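The next block holds one structure in the form of structure tokens; read it before the comments.
The numbers here are math on the coordinates, done by the rules we state, and not lab data. Quick caveat, the model's predicted, so the values are computed rather than measured. Reconstructed Cβ throughout: ideal geometry from the backbone, glycine too, with neighbour counts over all protein chains shown.
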Amino acid sequence: MPKDGSPEILTTTVDAISNWARKNSLWPLPFGTSCCGIEMMAVLSSDYDMSRFGAEVVRFSPRQADLIICAGTITLKMAPVLKNIYEQMAEPKWVMAFGVCTSSGGIYNAYPVLQGIDTIIPVDVYIPGCPPSPEGVIHGLMQLQKRIQTGEYSRASRARGRELGPLASRGGQKT
Amino acid sequence: MSANQLEAHVAKLQEALGGMLVRLERDRQNVPIFWVKREQVIDALRAAKETNGLEYHFLSDLTAYDDTDGEDEAQGRFVVVYQLYSPQGKTRIRFKTRAADGVSVPTATVLWAAANWAEREVFDLLGVKFDGHPDLRRILLDVRWQGHPLRKDYHWRKYQLFNDPEPIPEHLLKEE
């Protein structure tokens, strides 16, 4: 407050500050279900080091995480578990679909595998590759950070998540 | 050495099986395939396991396939396959038996405890039942799953997605 008692004007918005704080302190939940999980470990460890982007505090509890990194094939049996874990995360929350299996089912176009996690939870960023290279993951993370800063992306994906409806009515193409 | 030993084993096993052997085949790697009747499969496996000098102690795999539209479909739609390995001779043999839809096959858990989960997998994916199995439940798929996906009449993209995770079996919730 200025010494003469005149009202102070904040030259930015609170949103911009909180978004800036959020994008630089993403706490990821590693949901590694298969081989992509190994590549995720490579991104998190010293060679590529995701902590340079503020995402080094890996939390194994959904209640303490902001970003779920879904790395690996999601089987139909795992799908309700993933949905439960996603719902346990506190807002604001983001989802990274890591690799083709998570994004679209990948090569597993058959009865046991979910054809993309975006059929059950809203996804903020897709990273292609089988598995994706660590550089690709870092690129995806930086894209996500840009979108967290603008704030648009998370609102759009939340709205889409509400449209998805209950699980059993979906589940990819039937026959 | 191994090839000669295998031939000696085959001759010996043919003698031990006697009338139980329906047909003897070879696959492309020259692995002998002993076709036996469903009712006699445990006796045949026991002969391979316990006859002196054969000692096929190791059940390396137990699986099955759906032979719909095969040449011998009339004798039973499913073929249950037993892969045996002899650690002494370092040789492999294979047993096969046929089972029609809804017909039970005697369980191999009386010979190998390792057959337990393998038979559960066969039951889960093909719906072949095993007589005398201690715990014949689904092992891979959700317990609420309808049908058996490795059957040829099951559409390969027929998804079954459930709202909630698989319920925990009641016997696991009980305190001992």
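Assorted remarks:
- Local net charge near residue B:172, Cβ-Cβ under 15 Å (Lys/Arg +1, Asp/Glu -1): -2
- Label-to-label distance, nm, for residues given as residue A:91 and residue B:58 (7 Å Cα→Cβ offset): 5.8
- Computed over the protein assembly as shown, the percent of Cα pairs more than 27 Å apart is 61.
- Dipole of chain B, positive direction: furthest Cα of B:145, B:112, B:20, with charges on the beta-carbon: B:20
- Other protein chain C-beta atoms within 10 Å of residue C-beta, averaged over A:111-124: 2.
- Inter-label distance, nm, simple model (7 Å from Cα along the C-beta direction), residue B:113/residue B:143: 2.4
- Spin-label model distance (nm) - residue B:158 vs residue B:46, 7 Å beyond Cα toward Cβ: 3.9
- Normalised convex hull volume, the range B:2-173, alpha-carbon set, Å³ per residue: 134
- Ordering A:37, A:61, A:128 by the projection of their Cα atoms onto the charge dipole of the range A:23-163, which places +1 on the Cβ of Lys and Arg and -1 on the Cβ of Asp and Glu, puts A:61 at the extreme positive end.
- Helical contribution to [θ] at 222 nm, DSSP H n ≥ 4, -39,500 (n - 2.57), averaged over chain B, rounded to 500: -7000 deg cm²/dmol
- Highest-MSF residue in chain B out of B:150, B:45, B:126 [GNM, Cα springs under 10 Å]: B:150
- Only the Cβ atoms of Lys and Arg (+1) and of Asp and Glu (-1) were treated as charged; on that basis the dipole of the protein assembly as shown about its Cα centre amounts to roughly 400 debye.
- For the range B:1-148, share of DSSP beta bridges that run antiparallel, in % to the nearest 5: 80
- Multiplying the residue separation of residue A:52 and residue A:38 by 0.36 nm and subtracting their alpha-carbon distance yields 3.1 nm.
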